[in-house]
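The values are calculated or read from the model by the stated rules, or taken from the named source; none is laboratory data. Because the structure is a prediction, the values reported are computed rather than measured. Neighbour counts run over all protein chains shown; Cβ positions are idealised from the backbone, glycine included. All accessible areas refer to the heavy atoms of the entire protein, side chains included, with ligands and DNA or RNA removed. Shrake-Rupley method; radii C 1.70, N 1.55, O 1.52, S 1.80 Å.
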Amino acid sequence: CIRDSQDSAALLAILGYEDEGVKQFRENEMVFLESLGRAKDNITIDGEADILSTIEKGFSSYLTNFSELRILSQNDNSNAASFYHEKVLPSFISVRDACIHLREINEETMVQASSQAKFIADRAIWSMSMVGLTALALGLIFSFILSNLLTRPLTHMMGAVQKVAEGNYNIKIESH
């Protein structure tokens, strides 16, 4: 957004360093316009377009005031200082405040998006943990049931073998 160095450029023009002030002003103007263009191409938040419109109109006014200031500073330096305080500085502050407001709503939106993403991630972790624990419990239950089904006939057979070893030959093994 608008930089204090752009306002400093206006002061340089008043102090008689017009070439240096204009150069600094134009360099910062290009940076500002590039930033403004990127912001206008990336409107994603309600109210952002209105703020950008306010910034654009305010900056246009600021440019007009700066041009008038340059003319005054060349002709009548005492009136240039008054004009700076009455017109240039307020238009600069207006644009700067709108830029700050734009930055704040963008930061607030990013914080909200981050909080929402964290909430979703936490829910996903909790859900996956529950699914994993449920799968583990079901796996243990099925493995216990399956091992009982497989080992029960062997247990019956081992009992029968034990009875035969003890001399009881009238054993009947039932199949299940």
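The table below gives the values:
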read-out: In the range 15-57, the residues that are within 14 Å of Cys1 (Cβ to Cβ), open to solvent by 30 Å² or more (accessible area, probe 1.4 Å) and among the charged types (D, E, K, R); value: Glu34, Arg38, Lys40, Glu56
read-out: One residue from Val111, Val88, Val161 being assigned to a helix (DSSP H, G or I), open to solvent by 60 Å² or more (accessible area, probe 1.4 Å), over 30 Å from Thr44 (Cα atoms) and of a type outside the set (Ser, Thr, Tyr); value: Val161
read-out: Every pair of residues 6+ apart whose Cβ atoms lie under 7 Å, when the first sits in the range 93-106 and is farther than 16 Å from Ser35 by Cα while the second is charged (D, E, K, R) and open to solvent by less than 80 Å² (accessible area, probe 1.4 Å); value: Ile105/Glu48
read-out: Among (1) open to solvent by less than 60 Å² (accessible area, probe 1.4 Å); (2) modelled with pLDDT under 95 - the single one Pro153 does not satisfy; value: (1)
read-out: Test: residue in the range 169-176 that is in contact with a helix residue (DSSP H, G or I) (Cβ under 8 Å, 6 or more places away or on another chain), loosely packed, with under 10 Cβ neighbours inside 10 Å and in contact (Cβ under 8 Å) with a residue 24 or more places away in the chain; value: yes
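Residue-by-condition table, conditions (1) under 14 Å from the mean Cα position of the chain (by Cα); (2) more than 30 Å from Glu56 (Cβ to Cβ):
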residue: Met110; (1), (2): yes, no
residue: Ser115; (1), (2): yes, yes
residue: Asp122; (1), (2): no, yes
residue: Met128; (1), (2): no, yes
residue: Leu136; (1), (2): no, yes
residue: Leu140; (1), (2): no, yes
residue: Ser147; (1), (2): no, yes
residue: Leu150; (1), (2): no, yes
